[in-house]
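S.K.: A single structure is presented below for examination.
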Amino acid sequence: MSIAVKGLLFDMDGTLVDSRSCIELLWRNWASRHNLNFAEIQAVMHGRRGIETIQIVAPHLDAQTEVELLLAEEALMLEGIVAIEGAQELLSSLDPNQWAVVTSAPRDLALAKLAFAGLPLPTHIVGADDVKDGKPHPAPFQMGAAKLGLTADQCLAFEDASAGIQSAHSAGAQVCLVSAAGGKDTTGLAQWQINHFAQVQIEQNNGTLNVKIK
C-alpha cells in the first residue's frame, strides 16, 4: 500500500512517544483532588488540550488556573516516556521541512518530551499555545500543513486519538491511526492503521513522499 503526499503531520503523545501512563496518572491524581470520576475524564482527554478537557468535565472550575497547575506537574513527569518503535529512524530520514508535529501539549513541554525520548526535534511544530481552537477542531492540522507551505490535503497525518483523527480529517488530511500506545479510532475516519513506525517506509520522488505501509 502506497500513499503519495507532500508532507507528514505527527501528533506527539501516544503517536511519536508513549506517555500515556504518565498522562493518565496526572489526570487520575487531579480527578482525586477534585472528587471527579476519572473514567469520565479518560473518555474525553486523549487528543485534547488540557484546558478543553477541564471545561468539559469540570465547568465549575477555573480551567486556566487548573491547567497551569497540571502543566507544571506534567513537566516533572518525563520519566518513563519512550519513543514509539521506528519513530526515530523515520523522522531522521526526512528533510526537516517535510514534517511537522501537531500536538495538544504546549510547545515547550512537547519539545521536552521529544528530547527526553531521544527523537529529532521538529523545525515546525504546532502546540496548544499556538491555536485558539484545539483538536478536534481542524485548525491545528491546517496550521501544521501551512508551516510546511502546504495545505492539509497534501499531507498524511499520524494520530492515536479520536479527537486528533477528527481534527486531521476535518482539515482535509489523510489519516493513519497509530495503535502502539493504545491508540483507538472511534470515529471510523482513519483510512490506514499501523502499530508502530517500523511498518512505514518512505520513498522520495522529486518532492513527493511515497509512504508505504507494510
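The values are calculated or read from the model by the stated rules, or taken from the named source; none is laboratory data. Here the structure is a predicted model, which is why all the values come from computation and not from measurement. For neighbour counting, all protein chains shown are included, and Cβ atoms are generated from backbone atoms with ideal geometry for every residue, glycine included.
S.K.: Hey, could you check segment 184-214 for residues that are in contact with an Asp or Glu (Cβ under 9 Å, 6 or more places away or on another chain) and either modelled with pLDDT under 95 or among the charged types (D, E, K, R) (or both) and say which is nearest to residue 94 (Cα to Cα)?
M.R.: So the residue we want is 212.
S.K.: Select from segment 64-76 the residues that are free of Cβ contacts under 8 Å to residues at least 40 places away in the same chain and crowded, with 17+ Cβ neighbours inside 10 Å and list them in ascending order.
M.R.: The answer is 66, 67, 71.
S.K.: Report yes if some residue within segment 77-88 is surrounded by fewer than 19 Cβ atoms within 10 Å (Cβ to Cβ), in the same structural domain as residue 201 (by TED's automatic domain parsing), in a helix (DSSP H, G or I) and under 20 Å from the mean Cα position of the chain (by Cα); otherwise report no.
M.R.: Yes: segment 77-88 contains one or more residues that are surrounded by fewer than 19 Cβ atoms within 10 Å (Cβ to Cβ), in the same structural domain as residue 201 (by TED's automatic domain parsing), in a helix (DSSP H, G or I) and under 20 Å from the mean Cα position of the chain (by Cα).
S.K.: Name the single residue that is nearest to residue 206 (Cα to Cα) among those in segment 1-40 being of a type in the set (A, V, I, L, M) and assigned to a helix (DSSP H, G or I).
M.R.: Among them, the one singled out is 23.
S.K.: Looking at (1) within 22 Å of residue 125 (Cβ to Cβ); (2) in a loop (DSSP other than H, G, I, E, B); (3) at pLDDT 95 or above, which is the one condition that is false for residue 61?
M.R.: Every listed condition holds for residue 61 apart from (1).
S.K.: What strands (runs of 3 or more DSSP E), lying completely within segment 104-214, carry at least 2 residues that are without any contact (Cβ under 8 Å) to a residue 60 or more places away in the chain?
M.R.: So the answer is 174-178, 192-194, 200-205.
S.K.: Okay, next question. Might you let me know whether segment 51-58 holds any residue that is at pLDDT 95 or above, assigned to a strand (DSSP E or B) and surrounded by 14 or more Cβ atoms within 10 Å (Cβ to Cβ)?
M.R.: Looking for residues that are at pLDDT 95 or above, assigned to a strand (DSSP E or B) and surrounded by 14 or more Cβ atoms within 10 Å (Cβ to Cβ), one finds none in segment 51-58, hence no.
S.K.: In segment 27-49, which residues are in contact with a Gly (Cβ under 9 Å, 6 or more places away or on another chain), on the phi < 0 side of the Ramachandran plot and not basic (Lys, Arg)?
M.R.: Hits for segment 27-49 are 27, 46.
S.K.: In segment 196-208, is there at least one residue being more than 13 Å from the chain's Cα centre (by Cα), surrounded by fewer than 22 Cβ atoms within 10 Å (Cβ to Cβ) and closer than 21 Å to residue 46 by Cβ?
M.R.: yes
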